[in-house]
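Okay, so here's the structure we're looking at.
The values are calculated or read from the model by the stated rules, or taken from the named source; none is laboratory data. These figures come from a predicted structure and were not determined experimentally. We place every Cβ from the backbone using ideal geometry, glycine too, and count neighbours over all the protein chains shown.
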Amino acid sequence: MRKFLPWIIGIGIVLILFVWIKNINNTAVKLNQNVEEAWGNVETAYQRRNDLIGNLVNTVKGYAKHERETLEAVIQARNTANNMKIDPATMTPEQLQAYSQAQANVSTALRQLQLNVTVERYPELKADQSFLKLQDELASTENQILTARTRFNEAVKPYNTHISTFPNSIFAGMFGFQKKEYFKSVEGAEKPVKVEF
């Protein structure tokens, strides 16, 4: 029995190492899936806003036929944002920044449309029920976008922590796991929005 003891110890050590490395990998895979799910929720919230914009623009067109410039800015910003796709598994900080900027441009264009149309030129539009409902839906959607982005960052944190801590970092690199970028605000977002009537 003594001559088999080194073999038993060796096999035991190999099994322990195997289980330990497997747990590092499986945890990273699970956390990566959480990040990808959270990113999908961010995109879903943006898609909801983009779908609502079409309805808002059509409602406003009925009242504001000569507001073409403002409406076109909203449509162009929406189309640019819709055409931008990011794979969360391979996203770079530059891609995330460009995506964030495109979505911020949509928000800015929407604010201009709502303020210009409802307050300055078409006060009767403020009373239109479909317009009021769309405005409420857009405000609700903006809150959903904020929540989705926050949850994305909350999913990125444990993933980055897991693959960055030692010794996980050694094996995470071997298995191809890389740190994810946090969703950050666009440049200038820290300044308050000026509302002029």
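Okay, residues lined up against (1) surrounded by fewer than 13 Cβ atoms within 10 Å (Cβ to Cβ); (2) aromatic (Phe, Trp, Tyr); (3) at pLDDT below 65:
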| site | (1), (2), (3) |
| --- | --- |
| LEU110 | no, no, no |
| THR118 | no, no, yes |
| ASP128 | no, no, yes |
| LEU132 | no, no, no |
| ASP136 | yes, no, no |
| ALA139 | yes, no, no |
| ILE145 | no, no, no |
| ARG149 | no, no, no |
| TYR159 | no, yes, no |
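On the basis of being at pLDDT 75 or above, surrounded by 15 or more Cβ atoms within 10 Å (Cβ to Cβ) and assigned to a helix (DSSP H, G or I), does ILE170 make the cut?
Working: at pLDDT 75 or above: yes; surrounded by 15 or more Cβ atoms within 10 Å (Cβ to Cβ): no; assigned to a helix (DSSP H, G or I): yes.
So ILE170 fails the test.
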| field | Whichever residue in segment 51-70 is surrounded by 17 or more Cβ atoms within 10 Å (Cβ to Cβ) and under 27 Å from ALA148 (Cα atoms) and, among such residues, is modelled with the highest pLDDT | value | LEU52
| request: Could you please let me know if GLU43 is modelled with pLDDT of 80 or more and assigned to a helix (DSSP H, G or I)? | output: yes
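Confirm whether MET1 is farther than 26 Å from ALA109 by Cβ and at pLDDT below 90.
Numbers: farther than 26 Å from ALA109 by Cβ: yes; at pLDDT below 90: yes.
It is true that MET1 is farther than 26 Å from ALA109 by Cβ and at pLDDT below 90.
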